[in-house]
């Protein structure tokens with residue numbers, strides 16, 4: 001995989017990643033407020049922003065959202081690495097919870113909407129990680145030469 005260096009829209013992708021982090025923190029906060037008295041892994045605990053959630057899912061969302069927000073603020077390729085790793089995690093989590101929706105193993109209280117949103121947020125973060133890389137002018141020129149030779 002050869003991603004562009006110093007892409008002209010990298011700041012836009014960094015803002016998108018920050019918005020994903022903010023969404024996860026807000027979702028987790030609302031979920032925490034609505035499911036605070038329920039069990040950690042309750043299956044029908046509550047809803048936040050139209051998605052099913054429970055206390056565990058809310059806490060995970062807050063932590064992951066805070067990590068993405070901090071990475072977006074720090075930038076300088078730290079955000080690229082964090083966004084890539086979190087995107088893989090969110091997409092895998094979305095697929096896992098999609099497979100467990102109608103079972104007693106639905107440990108995060110997800111609904112179909114929750115699984116789809118997690119996978120979509122993961123795709124946005126993957127996109128941000130692909131175009132957010134920053135490097136020196138020499139790195140950019142080397143990338144341009146490699147791109148033209150391909």
Check region 23-33 and report whether any residue there is closer than 16 Å to residue 110 by Cα, at pLDDT below 95 and assigned to a loop (DSSP other than H, G, I, E, B). no
Out of (1) free of Cβ contacts under 8 Å to residues at least 24 places away in the same chain; (2) at positive phi, the one residue 75 does not meet is (1)
Can you spot a residue in region 70-92 that is surrounded by 20 or more Cβ atoms within 10 Å (Cβ to Cβ) and more than 30 Å from residue 136 (Cα to Cα)? yes
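Only one residue in 123, 100, 108, 95 is surrounded by fewer than 18 Cβ atoms within 10 Å (Cβ to Cβ) and more than 21 Å from residue 17 (Cα to Cα), so which one is that? Outline the logic, then answer.
Values: 123 fails: more than 21 Å from residue 17 (Cα to Cα); 108 fails: surrounded by fewer than 18 Cβ atoms within 10 Å (Cβ to Cβ); 95 fails: more than 21 Å from residue 17 (Cα to Cα).
Of 123, 100, 108, 95, the one residue that is surrounded by fewer than 18 Cβ atoms within 10 Å (Cβ to Cβ) and more than 21 Å from residue 17 (Cα to Cα) is 100.
Can you tell me which residue among 65, 50, 132, 39 is surrounded by 22 or more Cβ atoms within 10 Å (Cβ to Cβ), more than 21 Å from residue 5 (Cβ to Cβ) and touching a residue at least 12 places away in the same chain (Cβ under 8 Å)? First the steps, then the outcome.
Working: 50 fails: surrounded by 22 or more Cβ atoms within 10 Å (Cβ to Cβ); 132 fails: more than 21 Å from residue 5 (Cβ to Cβ); 39 fails: surrounded by 22 or more Cβ atoms within 10 Å (Cβ to Cβ).
Matching residue, one of 65, 50, 132, 39: 65.
Does residue 70 qualify as being more than 23 Å from residue 133 (Cα to Cα) and part of a helix (DSSP H, G or I)? Let's see the steps before the verdict.
On the way: more than 23 Å from residue 133 (Cα to Cα): no; part of a helix (DSSP H, G or I): yes.
So residue 70 fails the test.
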Which residues, taken from region 106-123, are on the phi < 0 side of the Ramachandran plot, touching a residue at least 40 places away in the same chain (Cβ under 8 Å) and over 12 Å from the mean Cα position of the chain (by Cα)? 106, 107, 108, 110, 111, 113, 114
Considering 8, 4, which residue is exposed (fewer than 15 other Cβ atoms within 10 Å of the Cβ), farther than 14 Å from residue 79 by Cα and more than 13 Å from the chain's Cα centre (by Cα)? 8
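Just checking, which of 90, 59, 24 is in contact (Cβ under 8 Å) with a residue 12 or more places away in the chain, out of contact with any strand residue (DSSP E or B) (no Cβ under 6 Å at 6 or more places or on another chain) and over 20 Å from residue 116 (Cβ atoms)?
On the way: 90 fails: over 20 Å from residue 116 (Cβ atoms); 24 fails: over 20 Å from residue 116 (Cβ atoms).
On inspection, the qualifying residue turns out to be 59.
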Just one of (1) more than 19 Å from residue 101 (Cα to Cα); (2) modelled with pLDDT of 90 or more; (3) over 16 Å from the mean Cα position of the chain (by Cα) trips up residue 36, so point out which. (2)
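The values are calculated or read from the model by the stated rules, or taken from the named source; none is laboratory data. Quick caveat, the model's predicted, so the values are computed rather than measured. Reconstructed Cβ throughout: ideal geometry from the backbone, glycine too, with neighbour counts over all protein chains shown.
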